[in-house]
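We did not get these values from a lab; they are worked out from the coordinates using the rules stated. Everything numeric here is computed off the predicted structure, so don't read it as measured data. Note that each Cβ is placed from the backbone with ideal geometry, even for glycine, and that neighbours are counted across all protein chains shown.
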Amino acid sequence: MGFLKKLVIGLVLLVACVYAVGLSLPREHKVSSRIQLTAPRDSVWTVLRNFGDYPKWHPDFKSSVKGERRDGHEVWVQDVGGMTMSVEFLEIQPPSLLVTEIITDEKSQWGGVWTYDVAANGTGTEVTITEEGWVKSPFFRVMMKVMGTHSTMDGVLKHLGARFGEQVSPEHLKDGAKTE
C-alpha cells in the first residue's frame, strides 16, 4: 500500500474518531466563571452594560454596534474573533443582572444564553458569567472540550479585570460550586 493511500486512510480514521468522540459529548452545557474585583459595582456594571465599548477593552472584539430591536429588546451586532453574531438583551436589572442570548437560526452551529451577575461585596465586586449553551456539530463539541468550556467567559472576565487594572484568575463553577 502506498504512502498516500495510508495517509488518506489514517486521516479518514482520525476524522471518524473525532466525530465519534463529539457524538459522545453532550449537545447542551451549563457552566459559570467568577472573578472578584476591587472596583465598585456601579463602575463594573457600567463597563459590562456598554456593549458598544467592548472593542476598547477586549482585543477579540473588532466591533460592537447597536442593531435593530427584536421583540422590543436591545440587540448588538458584534464581530468577535472574525465571527459576526447578534446578541439580544433578554433581561436588564441595573446594576446587578444582565441576560443576553445569541440570536440563532436553523443553520447556526452554536448558541446560548449568558447571564452576568454583578454583586457588591465587602471588598468590591463579584462578577459571575453563566453560560447555558449548545453546540450542534460533534466536531465543534470536541473543539470546545479541547479549548475549555469556560474559555470564552474566562477571556471576557480577564479583560474586564484588566480594564480595571487588575489581574484576575477566573474560578470555574458548576451548579454554584467551585470546580477544578
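Hydrodynamic radius of the range 36-113 by the Kirkwood approach over all distinct alpha-carbon pairs: 13.5 Å.
Converting phi to 3J(HN,Hα) with the Karplus coefficients 6.51, -1.76 and 1.60 and the offset θ = phi - 60°, the range 7-15 yields 4, 4, 4, x, 5, 4, 5, 4, 4 Hz in sequence order, with x at every glycine or proline.
If you average over every viewing direction, what projected area does the convex hull of the Cα atoms of the range 88-135 give, in nm²? List each step's numbers first, then the result.
Numbers: hull surface 14.5 nm².
The orientation-averaged projected area of the Cα hull of the range 88-135 comes to 3.6 nm².
Against the chain, whose longest principal axis comes from its Cα atoms, helix 138-147 is set at around 60 degrees. Helical content alone sets the calculated 222 nm signal of the chain at -10000 deg cm²/dmol, taking -39,500 (n - 2.57) per DSSP H segment of four or more residues and averaging over every residue.
Relative contact order for the chain: what percent, with Cα pairs under 8 Å and sequence separation of 6 or more?
Numbers: 318 pairs, mean separation 50.4, N = 180.
That works out to 28 percent.
Along the axis of the charge dipole computed for the range 27-178 (Cβ charges of +1 for Lys and Arg, -1 for Asp and Glu, origin at the Cα centre), the listed residues 121, 170, 44 are led at the positive end by 170.
When you have a sec, figure out the Kirkwood radius of the range 27-178 from all distinct Cα pair distances and drop it here in Å to one decimal?
Details: mean 1/r = 0.0627 Å⁻¹.
In the range 27-178 this quantity evaluates to 15.9 Å.
Loop by DSSP (not H, G, I, E, B), at most 14 other beta-carbon atoms within 10 Å: where is the longest site-free stretch of the chain for trypsin sites (Lys or Arg not before Pro)? Before the final figure, lay out each step's value.
Details: sites that count: 27, 69, 107.
The answer is 108-180.
Between amide H atoms placed 1.01 Å from N, distances below 5 Å from residue 39 occur with 125, all of them 5 or more places distant or on a separate chain. Looking at the range 82-146, the GluC sites (Glu not before Pro) that sit in a DSSP loop and have at most 16 other Cβ atoms within 10 Å of their own Cβ are 106.
The residue among 81, 7, 99 whose Cα reaches farthest toward the positive pole of the charge dipole of the chain, with charges on the beta-carbon of Lys, Arg, Asp and Glu, is 7.
Let me know the volume per residue of the alpha-carbon convex hull for the range 1-83, in Å³. List each step's numbers first, then the result.
Details: hull volume 18.3 nm³, N = 83.
Convex hull of Cα atoms, per residue: 220 Å³.
Taking 1.306 mPa s as the viscosity and 10 °C as the temperature, the Stokes-Einstein diffusion coefficient of the range 91-180 based on its alpha-carbon Kirkwood radius rounds to 108 µm²/s.
Bridgeable lysines around residue 145 (alpha carbons under 21 Å apart, same-chain partners fewer than 8 residues away excluded): 30, 136, 158, 174, 178. What the phi angles of the range 87-104 give under the Karplus curve with 6.51, -1.76 and 1.60, with θ = phi - 60°, is a coupling list of 10, 9, 7, 8, 8, 9, 10, x, x, 10, 9, 9, 10, 10, 9, 6, 6, 10 Hz, glycine and proline written as x.
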